[in-house]
Amino acid sequence: GDVIGKVALTPVAINEGHALADTLFGNKPRAMDYKTIPTAVFSQPAIGHCGLLESEAREEYKEVDIYKSQFTPMKYTLGGVKHKTFYKLIVERSSQKIVGAHVLDSDAGEVIQLLGVAIKGGLTKQDFDSTVGVHPTSAEELVTMRTKEPDPVSN
């Protein structure tokens, strides 16, 4: 990633090296997938992203569904700490595949890593909806979001 002009992240360079070695020496040809790289900014709170942005998804697919949730995690509620968490899933409507995700949470790096596996694996909104949540965690919100955002009004 650092020397070929693509995504300059160490894990990307490692994956590119593995893809090259698999292709040249392992008899398992594969290319690096740059569309589903999970990334995080370790600020307070941390920010995570994987897959397409909403604007990119709207350009690439005919119709998308957006699911959002903003809340105060239970671990902060009990102590009276003001802390907001935000999750967003971007879903391609016809296939129901999750094509993008955004996280604003103290554990965003951990959460977006697993969302990266889900997006890379082609999981659908129904896969998330049928998954039992771990309570009480912020990430359980991902498997309980049921209300779509209204479609934007076209001008």
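Of the residues making up the range 26-57, just one is within 24 Å of residue 139 (Cα to Cα), among the charged types (D, E, K, R) and outside any loop (DSSP other than H, G, I, E, B), namely 54. Number of residues in the range 96-140 that are open to solvent by 60 Å² or more (accessible area, probe 1.4 Å), within 18 Å of residue 64 (Cα to Cα) and in contact (Cβ under 8 Å) with a residue 40 or more places away in the chain equals 1.
Within the range 44-69, track down each residue that is among the polar types (S, T, N, Q) and modelled with pLDDT of 95 or more. Selection gives 55, 69. So for the range 58-78 (the condition being without any contact (Cβ under 8 Å) to a residue 12 or more places away in the chain, assigned to a loop (DSSP other than H, G, I, E, B), open to solvent by less than 70 Å² (accessible area, probe 1.4 Å) and over 20 Å from residue 142 (Cβ atoms)), does at least one residue qualify? The answer is no, given that none of the residues of the range 58-78 is without any contact (Cβ under 8 Å) to a residue 12 or more places away in the chain, assigned to a loop (DSSP other than H, G, I, E, B), open to solvent by less than 70 Å² (accessible area, probe 1.4 Å) and over 20 Å from residue 142 (Cβ atoms). Scanning the range 85-107 for residues that are in a loop (DSSP other than H, G, I, E, B) and of a type in the set (Asp, Glu) yields one hit, 107. Of all residues in the range 3-26, those that are basic (Lys, Arg) have Cβ atoms under 7 Å from Cβ atoms of residues that are open to solvent by 70 Å² or more (accessible area, probe 1.4 Å), 6 or more apart or on another chain, in 6/34.
The values are calculated or read from the model by the stated rules, or taken from the named source; none is laboratory data. Given the structure is predicted, the values throughout are model-derived calculations rather than measurements. For neighbour counting, all protein chains shown are included, and Cβ atoms are generated from backbone atoms with ideal geometry for every residue, glycine included. Quick note on the areas: whole protein, heavy atoms, side chains included, nothing else; ligands and nucleic acids left out. Shrake-Rupley method; radii C 1.70, N 1.55, O 1.52, S 1.80 Å.
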